[in-house]
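The structure appears right after this line, and notes come after that.
The values are calculated or read from the model by the stated rules, or taken from the named source; none is laboratory data. Bear in mind that the values here come from a model prediction, so they are computed numbers and not experimental data. Every residue, glycine as well, gets a Cβ built from its backbone with ideal geometry; the counts of neighbours run over all protein chains shown. Heads up: the accessible areas ignore ligands, DNA and RNA and are worked out on the full protein's heavy atoms, side chains in. Shrake-Rupley method; radii C 1.70, N 1.55, O 1.52, S 1.80 Å.
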Amino acid sequence: MPAAAPTDTACPTRSQVAELYRQPLFALIEQAHEVHRRHHPGNQVQLCRLLSIKTGGCPEDCAYCPQSARHATAMPAGKLMDPQTIAAAAKQARAEGATRFCMGAAWREVKDGREFDQVLEAVRAVAALGLEVCCTLGMLNARQAERLAAAGLTAYNHNLDTSPEFYGQIIHTRGYADRLQTLENVGRAGISVCCGGILGMGESEADRIGLLHQLANLPVAPESVPINALVPVPGTPLAARPPLAAFDFIRAIATARILLPRAKVRLSAGRLSLSPEAQALCFYAGANSIFTGEKLLTTPNPETESDLALLAALGLQPAPGAANPQ
Ligand code: SAM
Ligand code: DTB
Ligand code: SF4
């Protein structure tokens, strides 16, 4: 008997999430696949493209992140990219099949002024290309969220990263409550919430369950859930973490799919360390999006050609969107 699947409105308890997560792997995957088939067009994977529009020099101390100024990652602080250059990159991404474009900045928080105005201009330009537009710029206040919504932003990415209990071992410069506040500001402005986490940072199984429980109980249900495997970067405090077991990654994807049936579950960072077979199981278990292009924000990602070959081998198609109708 599969574990009882709470619906996405049922506010599952932590023990219900644990029960789902701890099922025998095949029972879990089977249940997730069934939920996936019920809520999503079969055999489609959305291609998204990331662009780091402001790289490095970040004042936060996130232990996993190569862009923190506090780690010895030899990543110099760059300047904000101008809106024309960003729009050109988005156009290129669209030509390569992406339907969603996500801009990331190594900021602790958004500050009002010229740079934010430039980001708003970039959002308008990317939206005009017919792409879904996402930003991840750190903390946002309510007014800034409203301005992003008015510029045409589809979604805002702000991750919880891990369980509330493990969070303090990873980040000391802002709290879990700060993250939840930004997510609330995003949701209230009518922007879709994109919120996920990272596996493989040294957290326990209970922490993974804790993260999934939080994601399933956000006041505004996320329409997008990026599940990242840690990309260990030399110079960061997590550089020597042992690689994540692929089955643990698949377990988290499947549980997210069951808990958030309508969300896009994104197989995000860390695909270079996952075999094609492990990625195939992720798709079967409910992942329906990947980031394509040779770079994520600052770290390497599989070549687009090899990703397209993997999808073709599995009989999966890039999902059409307004930017790339098929
Ligand atoms: N500064 C903003 C913030 O933290 O909200 C936006 C950019 S930040 C790089 C976006 C997300 O990337 C983080 O929340 C984290 O989940 C993910 N990330 C960063 N470094 C990573 C790594 N080495 N491996 C996996 N995911 C990572
Ligand atoms: C997310 O959860 N994963 C993406 C996106 N949101 C912004 C970022 C992954 C970054 C991986 C590390 C890097 O390339 O710098
Ligand atoms: Fe800064 Fe974001 Fe990296 Fe944290 S994850 S150090 S906030 S860029």
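Would you pick out the residues in segment 280-291 that are open to solvent by less than 10 Å² (accessible area, probe 1.4 Å) and at negative phi? Outline the logic, then answer.
Our first condition is that a residue be open to solvent by less than 10 Å² (accessible area, probe 1.4 Å); within segment 280-291, this holds for 282, 285-290.
Once the filter is applied, which keeps residues that are open to solvent by less than 10 Å² (accessible area, probe 1.4 Å) and at negative phi, segment 280-291 yields Cys282, Ala285, Ala287, Asn288, Ser289, Ile290.
Sort out which residues of segment 75-91 are more than 21 Å from the chain's Cα centre (by Cα) and closer than 12 Å to Arg49 by Cα, and write them in order of number. Spell out how you get there, then give the answer.
Here is the first cut: in segment 75-91, the residues more than 21 Å from the chain's Cα centre (by Cα) are 75-85, 87-88, 91.
Lys91, the sole residue that qualifies.
Do we find that Leu215 is open to solvent by less than 10 Å² (accessible area, probe 1.4 Å), more than 25 Å from Pro59 (Cβ to Cβ) and of a type outside the set (D, E, K, R) in this structure?
It is true that Leu215 is open to solvent by less than 10 Å² (accessible area, probe 1.4 Å), more than 25 Å from Pro59 (Cβ to Cβ) and of a type outside the set (D, E, K, R).
Kindly provide the set of residues from segment 297-315 that are surrounded by fewer than 17 Cβ atoms within 10 Å (Cβ to Cβ) and in contact with a helix residue (DSSP H, G or I) (Cβ under 7 Å, 6 or more places away or on another chain), ordered by number.
Passing the criteria: Pro300, Leu314.
On the given criteria, is Leu272 of a type in the set (A, V, I, L, M, F, W, C), under 24 Å from Gly78 (Cβ atoms) and in a loop (DSSP other than H, G, I, E, B)?
No, not satisfied.
Of all residues in segment 57-98 being of a type in the set (Lys, Arg) and within 16 Å of ligand 3 (Cβ to nearest atom), which is nearest to Val123 (Cα to Cα)?
This residue is Lys79.
Check segment 229-244 and report whether any residue there is outside any loop (DSSP other than H, G, I, E, B) and either open to solvent by 20 Å² or more (accessible area, probe 1.4 Å) or more than 16 Å from ligand 3 (Cβ to nearest atom) (or both).
no
For segment 105-112, check the following and say yes or no: at least one residue is under 27 Å from Pro234 (Cβ atoms), in contact (Cβ under 8 Å) with a residue 24 or more places away in the chain and not aliphatic (A, V, I, L, M).
yes
Any chance segment 250-267 includes a residue that's hydrophobic (A, V, I, L, M, F, W, C) and open to solvent by 30 Å² or more (accessible area, probe 1.4 Å)?
Looking through segment 250-267, none of the residues is hydrophobic (A, V, I, L, M, F, W, C) and open to solvent by 30 Å² or more (accessible area, probe 1.4 Å).
Any idea which of (1) in contact with a Lys or Arg (Cβ under 9 Å, 6 or more places away or on another chain); (2) modelled with pLDDT of 95 or more; (3) closer than 28 Å to Arg257 by Cα is the one Pro83 doesn't satisfy?
(3)
Say whether the condition of being within 16 Å of ligand 3 (Cβ to nearest atom) and either without any contact (Cβ under 8 Å) to a residue 24 or more places away in the chain or in a strand (DSSP E or B) (or both) is met by at least one residue in segment 203-213.
No, because not a single residue in segment 203-213 is within 16 Å of ligand 3 (Cβ to nearest atom) and either without any contact (Cβ under 8 Å) to a residue 24 or more places away in the chain or in a strand (DSSP E or B) (or both).
Would you confirm whether or not segment 50-61 contains a residue that is away from ligand 1 (no atom under 13 Å from the Cβ), in contact (Cβ under 8 Å) with a residue 60 or more places away in the chain and of a type in the set (A, V, I, L, M, F, W, C)?
Looking for residues that are away from ligand 1 (no atom under 13 Å from the Cβ), in contact (Cβ under 8 Å) with a residue 60 or more places away in the chain and of a type in the set (A, V, I, L, M, F, W, C), one finds none in segment 50-61, hence no.
Of these, Ala127, Ala142, which one is aliphatic (A, V, I, L, M), open to solvent by 10 Å² or more (accessible area, probe 1.4 Å) and without any contact (Cβ under 8 Å) to a residue 40 or more places away in the chain?
Working: Ala142 fails: without any contact (Cβ under 8 Å) to a residue 40 or more places away in the chain.
It is Ala127.
If a residue must be open to solvent by 10 Å² or more (accessible area, probe 1.4 Å), more than 14 Å from ligand 3 (Cβ to nearest atom) and part of a loop (DSSP other than H, G, I, E, B), how many such residues does segment 163-199 contain?
Going through segment 163-199 one residue at a time, the tally reaches 4.
Just to be sure I understand the filter: pairs with C-beta atoms under 8 Å, separated by 6 or more residues or on different chains, first member in segment 307-325 and farther than 12 Å from Gly42 by Cα, second member open to solvent by less than 40 Å² (accessible area, probe 1.4 Å) and of a type in the set (Lys, Arg). Which pairs pass?
Correct list of pairs: Gly321/Arg100.
Please find, among Ala90, Ala74, the residue that is more than 14 Å from ligand 1 (Cβ to nearest atom) and at pLDDT below 95. Talk me through it step by step, then tell me what you get.
Values: Ala90 fails: at pLDDT below 95.
Among Ala90, Ala74, only Ala74 is more than 14 Å from ligand 1 (Cβ to nearest atom) and at pLDDT below 95.
Output the residue which, of all residues in segment 42-72 that are open to solvent by 10 Å² or more (accessible area, probe 1.4 Å) and farther than 26 Å from Ile290 by Cα, is farthest from the chain's Cα centre (by Cα).
For segment 42-72, the residue satisfying everything is Ala72.
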